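Structure record follows, encoded as structure tokens.
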Amino acid sequence: MMAPKRPLQGYPSLADRPDELVAANVDLVQRIAHHLAARLPPSVQLDDLVQSGMVGLIEAARQFQAGQGATFATYATIRIRGAMIDELRRADWTPRSVHRNTRRIAAAIREVETREGRAASDAEVAAELEIGLADYHAMLQDSASANVLGIEDLGGPEMEADRWLAGTEDSPPEQLAQAQFRLALAQALGGLPERERLVMNLYYNEALNLREIGAVLGITESRVSQIRSQALHRLRSRLSDWTGEGSESLL
């Protein structure tokens, strides 16, 4: 029987040299920081995102184990982005009024959809909130600045990022919870109104920015932002059993 291959003495694998993993992936931090910064208000400094992202990259390089089913780039991306989002949460740059309105919008959508048995329209949500349509759209625009997380974060803080990586070992209850959440998310996404579903697909799957999506749909960038914001609020309302009624860090 042939002995399993091992790194030659004096020539450790790249995974055994965290400093080289960091040096080889600095550009990844820059790309993630620029992508995230495009969704944030100007008050958030790019350098701050890069700094926190570098901490995430260093931690990823130290903890990464090859052969676990995920490439280092995949593992590092989750760690880097997670470190940036953790820093944003600690900074708490979003006004409390925006958090409050985020919960109000999700609750109003849930109330209308439960009562009507179908997707709630802009006008119906505005009426439920007892405000005008223009004011509702303004609330959506304001809350869009707080929507820094992606769809994968809708599961709540207990859905740790590492658990979504292939090859990690979870207990049967954790595996069942992940499968159930994925099913619930897929159903919630599939039930979005057509335009919201299209915007979400172009934004998350095709990686278009708001301006590019606006050009595709023939609408303004701000309107795209409102549609995406409402889609996320709608998902939040439909996934309330997973997100938690009072969670402010989601979306």
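So here's what we get for this one:
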item	result
All helices (runs of 4 or more DSSP H) inside region 40-120 with 1 or more residues being more than 30 Å from residue 131 (Cβ to Cβ), at pLDDT 85 or above and open to solvent by 70 Å² or more (accessible area, probe 1.4 Å)	46-63
Members of region 181-230 that are touching a residue at least 40 places away in the same chain (Cβ under 8 Å) and either small (Gly, Ala, Ser) or touching a Cys at 6+ places or on another chain (Cβ under 9 Å) (or both)	184, 188, 191, 222, 225, 229
Complete set of residues in region 124-133 that are open to solvent by less than 60 Å² (accessible area, probe 1.4 Å), part of a helix (DSSP H, G or I) and out of contact with any Leu (no Cβ under 6 Å at 6 or more places or on another chain)	124, 125, 129
Any hit, region 102-117, residues being among the polar types (S, T, N, Q) and under 26 Å from residue 234 (Cα atoms)	yes
Inter-residue pairs, beta-carbon under 7 Å, first modelled with pLDDT under 85 and in region 12-31, second in a helix (DSSP H, G or I), 6+ apart	14/20; 14/21; 18/61; 18/62
Residue match in region 69-77 (condition: touching an Asp or Glu at 6+ places or on another chain (Cβ under 9 Å), aromatic (Phe, Trp, Tyr) and over 21 Å from residue 200 (Cβ atoms))	yes
Any chance residue 128 is at negative phi, among the charged types (D, E, K, R), in contact with a helix residue (DSSP H, G or I) (Cβ under 8 Å, 6 or more places away or on another chain) and modelled with pLDDT of 85 or more	yes
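The values are calculated or read from the model by the stated rules, or taken from the named source; none is laboratory data. These numbers come from a predicted model, not from an experiment. Don't worry about glycine lacking a Cβ; one is built from the backbone with ideal geometry, like all the others, and counts go over all protein chains shown. Please note that ligands, DNA and RNA were not included when accessible areas were found on the heavy atoms of the full protein model with its side chains. Shrake-Rupley method; radii C 1.70, N 1.55, O 1.52, S 1.80 Å.
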